[in-house]
Amino acid sequence: MGAAVGRRIALALLLCALGYGAFTLAGALGWLGRDEGPGVISGARLPAARIAERAAAQRRAAHAAGASAAKPILFGDLHVHSTVSLDAMWASLPAAGGEGARSQADACDFARHCSALDFWSLTDHAETLSPRAWRDTLASLRECEARAGAGAEPDLVSFAGWEWTGAGGHRNVILRELEGAHVPARPVGAAVPREEVGLLARLFLVGTRPFDSRVRDLARYLREQERAPRCAEGVASRELPADCLEDAADPGALAAKLREWGSAALAIPHGTTAGGELPAETDFAEALAGAPLVELYSGHGSAEEYRAWRPVLAASDGSLSCPAPSGDYTPLCWRAGEIVRARCAARGGAANQCATRAEQARRHFVAAPERLAELTVPRASEQEWRDAGQCRDCFLPAWRHRPLGSVQYLLARGLRFGFVGGSASHTARPGSGYKELARRALADFQRDGAERAPRSVPSDLPPGRSTPPEELRPPGPLGSDSSRDDERRAAYFFTGGLVAVHAAERSRAAIWDALERREVYATSGPRILLWFELLNGPAGALPMGSALALGEVPRFRVRAVGSFVQQPGCPAEAGGLDPARLTALCRGECDHPSEEPRRITRIEVVRIRPQPSPSDSVDEAIEDPWHTFGCPGGVEGCTVEFADPEFLADARTSVYYVRAIEEPSPAVNAKLLGCTRDEAGACAQVDTKPAGPGDDRLAEIEERAWSSPIFLDFDPGSGAPPLDAEGTDPLEPGFAD
């Protein structure tokens, strides 16, 4: 009897093992997962009365500030990912703290009913956006557009697009047309090696989480990516088969492929100051030449500010070295040496020996690939790294801020572009900065404290030496490098920014025209109203984004009105979504403005006089701020006028843009690293761990809007006005009313 029972148990165990193996294999082969479909749009068109009331509230605010309301200001988001993007798909896994699939339909419903945008675009990563997923995206966007209403007053304008990520950085490609023969049959990605996840890795993935249906969906997605063929090179885009992945080696090749379709398109660079992607010494000036617009701010931080410090130093022969710290910045490579020095000393090493190892650690760090550099210091914790590599005095900076990608540096190098903002959302939530709450939903790549317990300093310290780059083992496709699983990085993701356009009407054509002529500005999320104009253009006043030659003292005017204070909950028309969807998608909170504007506290003017030659100092070209004007008034807004007599005296090209600064208010993740400072002001300890899913890590900041620049070339033949007896223009450098 006992032997028979044993055999039955053994047989049962064998059958269970075979069943588990078969289930795991089927999951790894993608047979049990579901396709990442476009989802179902459930929200109805917003009532025309609500759209009219929005416009009327803006006109009243503009009138109170003395600004023209001839062109309404429309707010949008041109940087949005659904979980069709591979990084968004990974982040959506429950094991990564995600909330599951977020489809193209979710993004449409969110833009209309949660964030109440005027226009938006989907920009999933082209490198993993299959032709099938592209067709789904276009179909979903067309349905979203169809619900918006015809004519010049739709409730929402939807643009098609994708993200190209290759040499020279990231670009969002936005297409003017949504239908017709000019819309490409497939997105064009960068010509980069595909990181394939093979069968063994997928077996491990499914086998370790057998009851997670989302993991099985991911396995199917990865299998589809693996099987998709590359398009043949040297064949015209229109002649390629429908189901292949098309590449472009660089932005020029990308533009050429778009011209084959006759597509009107904008390729908008973003993430130009974010570390962890490109080598730390990357200079974006050449790569971004000709870009019409640049994303200055997103939920991944600000790319505005230039600083004189450098993460690494590059010699003329291409060799790299580690710079010493400055008063407000500690390079990561330098901190790597200090960590190794401290570990060496703790193990009883002599001072000269530990100094040698510290210098070696710095050399190892700068020689390693950017994404692996931190691994040269074994098992280093966030408490050891402290705030190294971060801009300490920038407004909500990007992770590991890179000065040579800042818009100020690029303008100083002579580039000309307008400013836009976006969300960079990876949860299909365009315009996610409408309220500062719900960190897990409205900021990217967040987990609660229990799921993301930070690593502490090891009790058994590793040897007091660094690891040479050639001995590093890059993580596999299911692993993650130090810059991606590090708890510090999540602290540098915020709610999203916006792009605002001064458009003649709400139509697609009018919005596109405003983008093309750079009559646009960026905000850090709030719907701040901003006007910036040159008063004495050749034929009258000219708006932000203008470029012209001038032979007289330029005179400018700025008007700004703070964003309307948000009310709790959602307005009645958000009832186009059922309560369960409002809760799941919007977290029960929508854009719900009152008619009370926040106060604008000051206007800051930045002047940049581009280098006559590349050898000239960028540091001296950037004046930030050049002038600051206080705004003592109340909620009616702020008006400032100023002039620049030095333009006439110096006879050189000058660039001007303005920041409108709101009164302080709390913002998600504004604590950044949560540094505890010592008596000298240095970061002695970091605290990036949220107290739980309800902790939004709020701290007060000054939300802001950035105008697009006005570009002036000196032209002595245009009739400069006479100077006064002192040889200067009678108008003072700045005045306010």
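The values are calculated or read from the model by the stated rules, or taken from the named source; none is laboratory data. Treat the numbers as computed from the prediction; the structure is a model and nothing was measured. Here the Cβ positions follow ideal geometry from the backbone for every residue, glycine too, while neighbour counts run over all protein chains shown.
Among the residues here, Ser121 qualifies as under 17 Å from Ala264 (Cβ atoms) and either polar (S, T, N, Q) or crowded, with 17+ Cβ neighbours inside 10 Å (or both).
Residues in region 550-607 that are β-branched (Val, Ile, Thr) and either under 22 Å from Ala667 (Cα atoms) or assigned to a helix (DSSP H, G or I) (or both): 6 in all. Those helices (runs of 4 or more DSSP H) of region 71-163 in which 1 or more residues are modelled with pLDDT under 95 and in contact with a helix residue (DSSP H, G or I) (Cβ under 6 Å, 6 or more places away or on another chain) occupy 86-91. Of Asp624, Asp687, all but one fail to be in a loop (DSSP other than H, G, I, E, B) and not hydroxyl-bearing (Ser, Thr, Tyr); the exception is Asp687.
For beta carbons closer than 7 Å, sequence separation of 6+ or different chains, a first residue in region 399-410 that is in contact (Cβ under 8 Å) with a residue 60 or more places away in the chain and a second that is acidic (Asp, Glu) and not in a loop (DSSP other than H, G, I, E, B), the qualifying pairs are Gln408/Asp624.
Could you tell me whether region 290-304 includes any residue that is touching a helix residue (DSSP H, G or I) at 6+ places or on another chain (Cβ under 7 Å) and either aromatic (Phe, Trp, Tyr) or more than 28 Å from Gly414 (Cβ to Cβ) (or both)? Checked region 290-304: no residue is touching a helix residue (DSSP H, G or I) at 6+ places or on another chain (Cβ under 7 Å) and either aromatic (Phe, Trp, Tyr) or more than 28 Å from Gly414 (Cβ to Cβ) (or both). Answer yes if at least one residue in region 35-50 is in contact (Cβ under 8 Å) with a residue 60 or more places away in the chain, surrounded by fewer than 22 Cβ atoms within 10 Å (Cβ to Cβ), over 19 Å from Val635 (Cβ atoms) and acidic (Asp, Glu), and no otherwise. Yes, some residue in region 35-50 is in contact (Cβ under 8 Å) with a residue 60 or more places away in the chain, surrounded by fewer than 22 Cβ atoms within 10 Å (Cβ to Cβ), over 19 Å from Val635 (Cβ atoms) and acidic (Asp, Glu). Of the residues making up region 50-98, just one is more than 27 Å from the chain's Cα centre (by Cα) and among the acidic types (Asp, Glu), namely Glu53.
Against the numbered list (1) of a type in the set (S, T, N, Q); (2) more than 21 Å from Trp162 (Cα to Cα); (3) not in a loop (DSSP other than H, G, I, E, B), Gln225 comes up short only at (2).
Kindly indicate whether Ala56 is farther than 22 Å from Pro131 by Cβ, modelled with pLDDT of 85 or more and part of a helix (DSSP H, G or I). So Ala56 fits the description; yes. Which one is nearest to the chain's Cα centre (by Cα), of the residues in region 124-147 that are within 19 Å of Gly76 (Cα to Cα) and surrounded by fewer than 22 Cβ atoms within 10 Å (Cβ to Cβ)? Only one residue tops the list, namely Leu138.
Being hydrophobic (A, V, I, L, M, F, W, C), under 25 Å from Arg402 (Cα atoms) and within 28 Å of the chain's Cα centre (by Cα) is true for just one of Ala253, Ala267. Which residue is that? The conditions single out Ala267.
When residues in region 624-644 are screened for being touching a residue at least 40 places away in the same chain (Cβ under 8 Å), over 26 Å from Glu595 (Cα atoms) and buried (at least 17 other Cβ atoms within 10 Å of the Cβ), 4 of them pass.
Rundown of residues vs (1) more than 27 Å from the chain's Cα centre (by Cα); (2) loosely packed, with under 14 Cβ neighbours inside 10 Å; (3) closer than 23 Å to Arg607 by Cα, yes/no style:
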{"residue": "Ala541", "(1), (2), (3)": "yes, no, yes"}
{"residue": "Ser546", "(1), (2), (3)": "no, no, yes"}
{"residue": "Val553", "(1), (2), (3)": "yes, no, yes"}
{"residue": "Val561", "(1), (2), (3)": "no, no, yes"}
{"residue": "Phe564", "(1), (2), (3)": "no, no, no"}
{"residue": "Pro568", "(1), (2), (3)": "no, yes, no"}
{"residue": "Pro571", "(1), (2), (3)": "yes, no, no"}
{"residue": "Ala580", "(1), (2), (3)": "yes, yes, no"}
